[in-house]
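What follows is one structure encoded as structure tokens, with my remarks underneath.
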Amino acid sequence: MKPHISKNFIIRNLFLCAAAIAITSCGTATINKPRSDAQIESLRTFELAFIDEFAVPHKRFNAAAFDAKVNQGNAMFQQAIANEKFTARRPVLNDLKAQFDADAAHLRSKASRGKVTPALASEMKKDVNKIYDHALGR
């Protein structure tokens, strides 16, 4: 073979391999994304229910029940992070976990001192929905 034909042959094959890898990885991401979206929606539902359960004005704070629910949430986030196949979502799940931790700490502080108001619960739920919508690209 002539040198320039050989060089073109190699370049063409490298391009085809790169294109095949790109197409294959896009297919994998598309397949895993709905499952990933469903997992994030499940975490959203959990966090909203958590707020509904503990951000109740004039409700006596039950530290044991609160801790049990926080532990359940932590386990759900850890499992979601470990099982995530869509690698671009792992940092998103880590951020959602950090937000859950911050929300739980804030709610513990308010609830344990009897400082829960209807506005607190409403604002927390609004923020959670906004964060999860952003995580889902909405």
I'd like the Karplus ³J(HN,Hα) series for the stretch 89-96: coefficients 6.51, -1.76, 1.60, θ = phi - 60°, whole numbers in Hz, and an x wherever there's a Gly or Pro.
8, 4, x, 5, 5, 5, 5, 5
When the accessible area of the stretch 80-138 is computed with all protein chains present and a 1.4 Å probe, what percentage of it is carbon and sulfur?
53
For ARG108 and HIS134, compute 0.36 nm times the residue count separating them, minus their Cα-Cα distance, and round to one decimal in nm.
6.8 nm
In whole percent, the Cα-Cα distances of the stretch 29-138 spread across 10 Å bins from 0 upward as 14, 46, 27, 10, 1
Label LYS33 and ARG90 with points 7 Å out from Cα along Cα→Cβ: what is the distance between them in nm?
2.0
Quotient of C-alpha Rg and 2.2 N^0.38 Å, computed over the stretch 52-93:
1.59
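The values are calculated or read from the model by the stated rules, or taken from the named source; none is laboratory data. The structure displayed is predicted, hence computed values, not measured ones. Here Cβ is always computed from backbone atoms with ideal geometry, including for glycine, and neighbour counts include all displayed protein chains. Calculation scope for accessible area: heavy atoms of the full protein, side chains included, ligands and nucleic acids excluded. Shrake-Rupley method; radii C 1.70, N 1.55, O 1.52, S 1.80 Å.
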